[in-house]
Amino acid sequence: MIKTVFAVLITLCLAIGGGAASLAYVLDDARGAGALTLGAWTAYPKTGSPEADPYARARTAREGILALGAAEGVAFTAVRDTSGAPLRLDCVYNIEGMAPPGRFWTLFAAVGPEAVKNQSGRPSAINSQNLLRNGEGRYIITVGRRPAPGNWIGVTGEGAMQLVMTVYDSSLSTGTEIGDVSMPEIIQAGCNV
Amino acid sequence: MFRLVHAVILGLIGAGVVHIVVLFLMPEMSPRDAWSRLAEDGGLYAMTPYHSDSSLAGQSGVADPYFQAAACRFDLTDGIIHLAQDRAVPFWSASVYDRQGHNIYSLNDRTAQNGLLDLVVLTPGQMVDLRKSPLQEMEQSIFVETPITEGIIVVRGFQPDESWNRQVSEFLGGLDCAAEPI
């Protein structure tokens, strides 16, 4: 009798605990399906659309996301630099390259669901309309805690961060033109500064 | 021993079943989805401004600091939604979401007539009724026919720098999301 109760308990604990834990793990960490990866940057253009897979649908509901529509834009996030090292608030990064196709874009640093604040308490962010570029449309943006000449995104604090680059009114969201698109590179230029 | 192995195998099969069942129930049951979060902030048809709220973030789950957004929940059984604004901002976009938060229609200022926001959301049945007696004020409107009744509209406005904050909040604040019977 006791053996039977024990066996039933094991079965129930494994089923409920294992099922819940595996689902939580997949929703939190594994973000594979439907990803569009360009260099260090990843976007999920299908998340929030009716064609999204069941995991993306569950994530949309769980996190309360109202994702950008196809006519609005695509948000790319980077949690690692171009060499594959995790992005940190206490490192300096040079973001350089060409503008992705779209009407304009914004770039900001975030920790969790919040944008990082810069030294004057404003969001650590830049957009393509207040950006300095050279004659060929290329640009370099420095991300770091110390002021830098040119385009600078000031950050404060330490630990891991992510960079979010959102391209608005972009052909990327419809899934075309991906082949010849290049997102900017994120090159680390020193740490603990 | 045999009984233990039996229990573990049953448990693992059960874990798979629980995983799949919860996965498919989550969009219907989540107490934290966008609809429920918006319901905490305002009633149906209330255009609620958001400055940096994660529920209105992009795919990344983080809200863009250069944007202000406003959202309202609607129920088309009460009437059609006519959202219009004759002010201009550097860029605006609007999306219609279903009850589960899936984006079913989106547009921006380049897709709209003269760059002005003028959007009507209605069901195919209401569209038939409206065709019988077209309203003058909707001549320029973009019509979004949708089979859903409950949904969410979000309007986002771009502020390239802080001098635009006031214009963008007036743009969003002037939106009236009330249901209009036909």
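Residues of region A:51-71 that are within 7 Å of another protein chain (Cβ to nearest Cβ), among the hydrophobic types (A, V, I, L, M, F, W, C) and part of a helix (DSSP H, G or I): A:Ala58, A:Ala61.
I need a count of the residues in region B:1-39 that are more than 16 Å from A:Ile65 (Cα to Cα) and assigned to a helix (DSSP H, G or I). Spell out how you get there, then give the answer.
Start the filter on region B:1-39 by keeping residues that are more than 16 Å from A:Ile65 (Cα to Cα), which leaves B:1-25.
Next cut, assigned to a helix (DSSP H, G or I) only: B:2-25.
Final tally of qualifying residues: 24.
Scanning region B:141-169 for residues that are hydroxyl-bearing (Ser, Thr, Tyr) and exposed (fewer than 14 other Cβ atoms within 10 Å of the Cβ) yields B:Thr149, B:Ser163. For region B:53-80, which positions are closer than 13 Å to B:Val154 by Cβ, at pLDDT 90 or above and part of a loop (DSSP other than H, G, I, E, B)? Correct list: empty.
What pairs come out if I take residues in region B:25-36 that are over 19 Å from B:Thr48 (Cβ atoms) and pair them with residues that are of a type in the set (S, T, N, Q) and modelled with pLDDT of 85 or more whose C-beta lies under 7 Å away, six or more apart or interchain? Qualifying pairs under 7 Å: B:Pro27/B:Gln100. Looking at region A:76-91, is at least one residue at the interface with chain B (Cβ under 7 Å from one of its Cβ atoms) and not acidic (Asp, Glu)? Yes, region A:76-91 contains a residue that is at the interface with chain B (Cβ under 7 Å from one of its Cβ atoms) and not acidic (Asp, Glu). Regarding region B:81-92, can at least one residue be identified that is open to solvent by 20 Å² or more (accessible area, probe 1.4 Å), more than 7 Å from chain A (Cβ to nearest Cβ) and in a helix (DSSP H, G or I)? Checking region B:81-92: not a single residue is open to solvent by 20 Å² or more (accessible area, probe 1.4 Å), more than 7 Å from chain A (Cβ to nearest Cβ) and in a helix (DSSP H, G or I).
For the subset of region A:160-175 comprising residues that are in a loop (DSSP other than H, G, I, E, B) and open to solvent by less than 20 Å² (accessible area, probe 1.4 Å), which member is modelled with the highest pLDDT? Only one residue fits best here, namely A:Met161.
Against the condition farther than 16 Å from B:Ser95 by Cα and crowded, with 24+ Cβ neighbours inside 10 Å, how does A:Ala52 come out, does it pass? Judged against the criteria, A:Ala52 is not a match. Of all residues in region A:139-147, none satisfies being surrounded by 12 or more Cβ atoms within 10 Å (Cβ to Cβ), within 14 Å of another protein chain (Cβ to nearest Cβ) and closer than 20 Å to A:Ala75 by Cβ.
The values are calculated or read from the model by the stated rules, or taken from the named source; none is laboratory data. Worth saying up front: this structure is predicted, and the values here are computed from it rather than measured. Because the Cβ atoms are built from the backbone with ideal geometry, glycine has one as well, and the counts that use them run over all protein chains shown. Just so you know, the surface numbers come from the protein's heavy atoms only, side chains and all, with ligands and any DNA or RNA stripped out. Shrake-Rupley method; radii C 1.70, N 1.55, O 1.52, S 1.80 Å.
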